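Enquirer: One structure, as structure tokens, below. Some questions next.
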Ligand code: PRX
């Protein structure tokens, strides 16, 4: 999620065993919060949902798909798992995502309901009703078609969080063109890789957006991405948001105001098959190359709508919902765009940072729009804790009735603060575990049913099957830890990695036969509730955003000063964890002559340029050697000990056991 600040860094690549001390604290957590009878009585999701789903999981999902979505052609087939791990849901049905998110609400007579309250960082804003959205999305769909985008063509989106971002995603869905949103904090380099991997025909961007009180440019990154060679791109469509000067290429560039604003507002949505790709979203894996996770239409939308309705207890007539995620992340796809709009919700979207122009901006927004459901990330909550409770204390937050958390484990103290200070000791908290790959929430309390425990995501939702297993794929008993797996296919499951089916099978389905390997460590407590413990692979989680250690290491070694690099995630009080890099400099290339500060600045900026500001290491430590096993594998566990100022653990498998002493000496030496 895009949270407190882009510099807020969270890293979770720690294997489960190194979490053990903290884990004991977690497992002795004995605070419990049952739903109030008033909340339970009115809740959308009642306890019976579990039994219903358990009785026949595929039929349960089929019922949800029929009830929550409108189909152009109803499906007969439900689940096809015969070619596992490739799955198909509702495959003989056809539908359109934008029709479901917008048009059908207008047809149902609620076109004058506000869909989006847009709050710009600069204080400007506007509200769009469902009828407004229908007109805007239709215009954009007509314009995209006129620019040559057809059903099945890919569109890259590189926009700030403004209404045009939502409109663009829906316009793509309306014509059946899969979108690939690239977070605005990613660099030109990252953007061009993603454009090329998806072979995008159109790029939609803006002159800039407002961030931290000033206009920050976006179009130059697109221009630069295109200079790297992106032969598939035929046009760049530019929204004018800030009015700043932009370089212009007459052959490629077109203004939104010229082609979208002038287009017809009548458009017939294209019905696509349920398994037609809806979007690609790149996320980091354990290698340097990001994975293009792709999701299809029918199953994804079913789970988006179902989870949004039940986990947040959405009452579309009365609630005002706000998810603070940027659309550049999966949370923005499922819980800003598709889930809420399919359910006919009224929601807030906010362009900027929580501390602009003051640290109470979020709470001011909640007071202004009477937000009743808030969905955000632990890293943001911890930042607000640090700023002090007197800040939210100045605002009227009494409209809130459900609070959600996502992106990383939420430590019990942050959970308690969230509930007490933001929720007035009244609101249920739903700690929701899921991933880009799962498409929608998988493990979470149900707010009217579950007695919540601070720090635990607790139970798989009705319709979802998860377990914690040991190295031999055996389910662990209560009180034990292991790896989180998903044991049955679910509707919003990723359908693969764009263009790389083998990598899909290898990454998720090879670790344990027949089970989806999530890459997270987890533990079951005495009640069988699940506690998430962070990643067990080399994936890090930066502000709840995923990056791979390898990706940052490759960025570092692409700098001429760097001979070798190793990156680890180190615990950080506010941000959960932070990126720490260890580098060996090349004496011959100028790096050796620099002082430590100059190296830090240069290399941090280099990582920002290669990947994006979100990937900047908090710290870069220059070392003479890296700890390696005899087979040449870097022992990140030992480096993590150093980064976290801990006594270095067992180093007996090192090829050269003196390396850790060298590192320790080097770090304590001045300069
Ligand atoms: O490690 C888990 C963590 O975030 C990872 C997924 O990251 P991403 O695909 O970027 O999606 C983030 C938003 C859904 C997971 O593998 N994670 C996410 N939610 C939680 C979590 N860890 C613990 N508790 C959560 N609620």
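Enquirer: Would you confirm whether any residue within segment 290-302 is away from the ligand (no atom under 16 Å from the Cβ) and surrounded by fewer than 23 Cβ atoms within 10 Å (Cβ to Cβ)?
Expert: No: zero hits.
Enquirer: Could you count how many residues in segment 593-609 are out of contact with any strand residue (DSSP E or B) (no Cβ under 7 Å at 6 or more places or on another chain), touching a residue at least 40 places away in the same chain (Cβ under 8 Å) and farther than 20 Å from residue 544 by Cα?
Expert: Number of matching residues: 4.
Enquirer: Then there is this: Tell me yes or no: at least one residue of segment 630-637 is assigned by the TED database to the domain that holds residue 578, in a helix (DSSP H, G or I) and modelled with pLDDT of 75 or more.
Expert: yes
Enquirer: Continuing with this model, one more query. Among the residues in segment 484-501, are any within 14 Å of the ligand (Cβ to nearest atom), more than 20 Å from the chain's Cα centre (by Cα) and farther than 19 Å from residue 333 by Cβ?
Expert: No, the conditions are met nowhere in segment 484-501.
Enquirer: Could you check residue 65 against (1) part of a helix (DSSP H, G or I); (2) loosely packed, with under 12 Cβ neighbours inside 10 Å and say which number it fails?
Expert: So the condition that residue 65 fails would be (2).
Enquirer: Take residue 475 and tell me if it is closer than 21 Å to residue 54 by Cα, out of contact with any helix residue (DSSP H, G or I) (no Cβ under 6 Å at 6 or more places or on another chain) and either outside the structural domain of residue 276 (by the TED database) or free of Cβ contacts under 8 Å to residues at least 12 places away in the same chain (or both).
Expert: yes
So that you can scan it fast, the table gives a plain yes or no per residue for (1) within 13 Å of residue 460 (Cβ to Cβ); (2) at pLDDT below 95:
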{"residue": "485", "(1), (2)": "yes, no"}
{"residue": "496", "(1), (2)": "no, no"}
{"residue": "501", "(1), (2)": "no, no"}
{"residue": "513", "(1), (2)": "no, yes"}
{"residue": "516", "(1), (2)": "yes, no"}
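Enquirer: Can you tell me which residues in segment 528-542 are more than 10 Å from the ligand (Cβ to nearest atom) and modelled with pLDDT under 95?
Expert: 538
Enquirer: Sticking with this structure for a sec: Out of (1) within 27 Å of residue 385 (Cβ to Cβ); (2) within 13 Å of the ligand (Cβ to nearest atom); (3) surrounded by 24 or more Cβ atoms within 10 Å (Cβ to Cβ), the odd one out for residue 548 is which?
Expert: The failed condition is (1).
Enquirer: Considering each of 663, 584, 620, 614 in turn, give the residue that is more than 30 Å from residue 185 (Cβ to Cβ) and either touching a residue at least 60 places away in the same chain (Cβ under 8 Å) or in a strand (DSSP E or B) (or both).
Expert: 663
Enquirer: Here's another thing I want to ask about it. I'd like to check which strands (runs of 3 or more DSSP E) are fully inside segment 153-222 and have at least 2 residues that are under 21 Å from residue 263 (Cβ atoms).
Expert: Once the strands (runs of 3 or more DSSP E) in segment 153-222 are filtered for at least 2 residues that are under 21 Å from residue 263 (Cβ atoms), what remains is 155-158, 202-206.
Enquirer: Considering each residue of segment 504-555, count those that are outside any loop (DSSP other than H, G, I, E, B) and farther than 22 Å from residue 611 by Cα, and give that number.
Expert: 20
Enquirer: Here's something else I'd like to know. With respect to residue 415, is the statement that it is over 28 Å from residue 285 (Cα atoms) and within 16 Å of the ligand (Cβ to nearest atom) true?
Expert: yes
Enquirer: Could you please find all residues in segment 305-338 being more than 18 Å from residue 116 (Cα to Cα) and surrounded by 24 or more Cβ atoms within 10 Å (Cβ to Cβ)?
Expert: Selection gives 306, 307, 310, 311, 329, 330.
Enquirer: Look at residue 431 and say whether it is out of contact with any strand residue (DSSP E or B) (no Cβ under 6 Å at 6 or more places or on another chain) and over 19 Å from residue 301 (Cα atoms).
Expert: Answer is no for this residue.
Enquirer: When you look at residue 115, is it farther than 21 Å from residue 325 by Cβ and touching a residue at least 12 places away in the same chain (Cβ under 8 Å), yes or no?
Expert: Judged against the criteria, residue 115 is not a match.
Enquirer: Same structure, new question: Confirm whether residue 441 is touching a strand residue (DSSP E or B) at 6+ places or on another chain (Cβ under 6 Å) and either more than 17 Å from residue 462 (Cα to Cα) or within 15 Å of the ligand (Cβ to nearest atom) (or both).
Expert: yes
Enquirer: Going through 462, 454 one at a time, which residue ends up being away from the ligand (no atom under 16 Å from the Cβ), assigned to a loop (DSSP other than H, G, I, E, B) and touching a helix residue (DSSP H, G or I) at 6+ places or on another chain (Cβ under 6 Å)?
Expert: Being away from the ligand (no atom under 16 Å from the Cβ), assigned to a loop (DSSP other than H, G, I, E, B) and touching a helix residue (DSSP H, G or I) at 6+ places or on another chain (Cβ under 6 Å) holds for just one of 462, 454, which is 462.
The values are calculated or read from the model by the stated rules, or taken from the named source; none is laboratory data. No experiment lies behind these values; they were computed from the predicted model shown. For neighbour counting, all protein chains shown are included, and Cβ atoms are generated from backbone atoms with ideal geometry for every residue, glycine included.
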